[in-house]
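Some notes on the structure that comes next.
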Amino acid sequence: MDHEIDENLRRVYSDVVAAPLPERFTELLDKLREQEREGCENPVEDKQ
Amino acid sequence: MTSTPDPKKELIEHLPAMRAFAVSLTRNPSSADDLVQDAVVKAWANFDKFEPGTNLRAWLFTILRNTYYSLYRKRRREVEDPDGAMAGRLSEKPAHDGHLAMTDFREAFAKLTDEQREVLILVGAEGFSYEEAAETCGVAVGTIKSRTNRARKRLAELMNLNDEDELEMTDRATMAVVNGKPAA
């Protein structure tokens, strides 16, 4: 039964994992990167 | 140190799993995506606290579940859908994939407590070790083990209850098709 449950769990879970990533997430990452660049106009000297 | 992968670049690879974990916590696809978005913003602001070389997915899952417990669990009670139309759905399913046995499973899973759903996803679906799951949830390893056992037992009970209601859909042949295994 445990084995069957885990199989069902993986199946349900992988359905969602396999779904295409909504654009809002790639847009979000772009926005975060951009904010970071703007915040780096006076960058702290890179060590090394 | 230049060979250490940048967690910010790796983040996108973990987003599908974060969404799946979020759906299993919120049981609602649109709240799940809001939750993932909040968790990503939080993670981004805290990447300096991430230790390179450690498990990035577990780190992200920790942030996601903390966000869920601090914000979403409360919010969900306020907007609980009265018909329970969402309660049985782990995710939106296309109509052609409507195996009733899987629907039963989803409904049973959705009836578990937050802690039970969480531990089953981490240990059963994601394959975290008990130790990783314990760290992600901030509890002892023994707690994770007993939660996992109780959650599996409860899920089995709930599915058996469904079986009795819908006997015609749980004959061996149907189960074999659903499980992708030959009938015993």
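Please treat every number below as a calculation from the coordinates, not as lab data. Computed from a predicted model, the values in this text were never measured in an experiment. Positions of Cβ are backbone-derived with ideal geometry, glycine not excepted, and every protein chain shown enters the neighbour counts.
Numbers below:
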{"item": "Cα centre as origin, Lys/Arg/Asp/Glu Cβ charges: the range B:10-79 dipole, Debye", "result": "480 debye"}
{"item": "J(HN,Hα) series, the range B:19-26, from Karplus relation 6.51 cos²θ - 1.76 cosθ + 1.60, nearest Hz, glycine and proline x", "result": "5, 5, 5, 5, 4, 6, 7, 7"}
{"item": "Most positive-pole-ward Cα, B:44, B:56, B:67, against dipole of the range B:10-79 from beta carbon charges", "result": "B:67"}
